[in-house]
1. In nm, give the distance between the simple-model label positions of Glu180 and Ala119, each being 7 Å from the Cα along the Cα-to-Cβ direction.
2. Take Phe338, Phe160 and order them by how many other Cβ atoms sit within 10 Å, fewest up front.
3. When a footprinting reagent is the concern and you count Cβ atoms within 10 Å, what order do Tyr212, Tyr254, Tyr241 take, fewest first?
4. Fully extended, how many nm does the chain gain between Glu103 and Leu269 (0.36 nm per residue separation, minus their Cα-Cα distance)?
5. Which part of segment 223-257 falls in the paramagnetic zone of Glu150, meaning amide N under 16 Å from the point 7 Å along Cα-to-beta-carbon?
6. Of all the Cα-Cα pairs you can form in segment 204-284, what percent are over 14 Å apart?
7. Quote the charge dipole size of segment 183-238 about the Cα centre in Debye, to the nearest 20; the model charges only the Cβ of Lys and Arg (+1) and of Asp and Glu (-1).
8. What ranking do His183, His257 get, fewest neighbouring Cβ atoms within 10 angstrom at the top?
Amino acid sequence: MSIDRSAASLEHASRQGRAVFVALGALAGLALLLLAWLRLSGPSEGDAGQAPAQPNSQQRAPSPAEGLGQAAPESDPGMHMEPVLGIGRSTQAPRPEPGPFDEKRLEGRGLIRGFVQAAPGIEFPLEWVLELEPSSMLIGAERAERRRLEFHAGERDFEFRELALGGYMLRASAFGMATEQQHLMLIRPHETELYVQMQWVPNAFVEGRVGYPDSTPAVGLELALEPKPAGVRASAVCDHYGHFLFSNVMAGAYTLHFGQPENPVRPALDVQVGTSPVTLPDCQVPQLEQLIVRVLLAPGQPAAGVQVDGYGDRGGRILGKTNADGEYRARFLPAGRFTIDATAADGRRARVRKLVQAGELGLIELVLEP
């Protein structure tokens, strides 16, 4: 009997559980239907751009335009991000194109003065030279003047008066030391008087060795060290070991030419010089040959003092005058085809082309035109 009552009690509890589950399911369905109805009854397509209404407790503050009496828009526009502009640029007012330089700013005279000091540990020289010349970098260089001051008692102050306005380069030099180049612009209205401070730094040297492919030294080969972007070239000759040395070289950028710079025997090297010595890696040039150029007034009659000028298609330069035998010996010529001109004092000329081959001493004769 107790078993029947227990079974009846379990069946009653199960029915109650199913009823609760059904009720919860019905409530969830009603919630989904309510959410769908709210979405369908939302703002129309025409009201999509309007902002939602503000609660009464937080009314929107009037805009500056409304404060001035202008009508406020019906709704706030949505947030719009403008593209970020670069510094110094504007979509409203683009930069104007730079105008032509006013040449009147270079009319008049100016003054450059200053002093030179020695770096710690460097003794100030008694004798030194200060050179002022047109700048290779600044405008107005065509108006600039060349000036030179010499000092013999350790003076430190200098002054250049009554200078034409324009672009200048200023540099001081002494034995074993120099100052860095100063590029200065004298220009109206506010830069007609300049004050410059300069400092001595020790000069450096540039050295290296040049050889042939068979490791023999390029004895007697001439090299040229040329400042960038322009300046006076310095020359050096390889000794019996192929060693070369450029001494008293001021700091700066240089180009090293092998042979005549106008038609070198190999590509040039870029050299950067500071205050320390520069030792370049060993350099190699192609095997170089010699050529004897003989100039004649007529067959069997040598022509002395004739100017000989030639160049090769692979480098090398021939430049000199014939001796009493009418000959000129050209050296350090790479193998290739050479074009050679001979010009006498009376204007008579001759031209010839010659193939110079490796491993042989070439000979060529030119007969001047009648």
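1. Reported label-point gap for Glu180 and Ala119 is 1.0 nm.
2. Numbers: Phe338 25, Phe160 21.
Placing the least packed residue first, the sequence is Phe160, Phe338.
3. Working: Tyr212 16, Tyr254 24, Tyr241 11.
Ordered from fewest to most neighbouring Cβ atoms within 10 Å, Tyr212, Tyr254, Tyr241 come out as Tyr241, Tyr212, Tyr254.
4. Details: separation 166, 0.36 × 166 = 59.76 nm, distance 3.90 nm.
Computed gain between Glu103 and Leu269 is 55.9 nm.
5. none
6. On the way: 1904 of 3240 pairs.
Summing the P(r) of segment 204-284 above 14 Å gives 59 percent of all pairs.
7. Working: 4 positive and 6 negative charges, 15 e Å.
I would put it at about 80 debye.
8. Values: His183 14, His257 22.
Taking fewest neighbouring Cβ atoms as first place, the list is His183, His257.
Taken together, the values in this text are just the output of simple stated rules run on the coordinates, not laboratory data. Keep in mind that this is a model prediction, so the values were computed, not measured. Every residue, glycine as well, gets a Cβ built from its backbone with ideal geometry; the counts of neighbours run over all protein chains shown.
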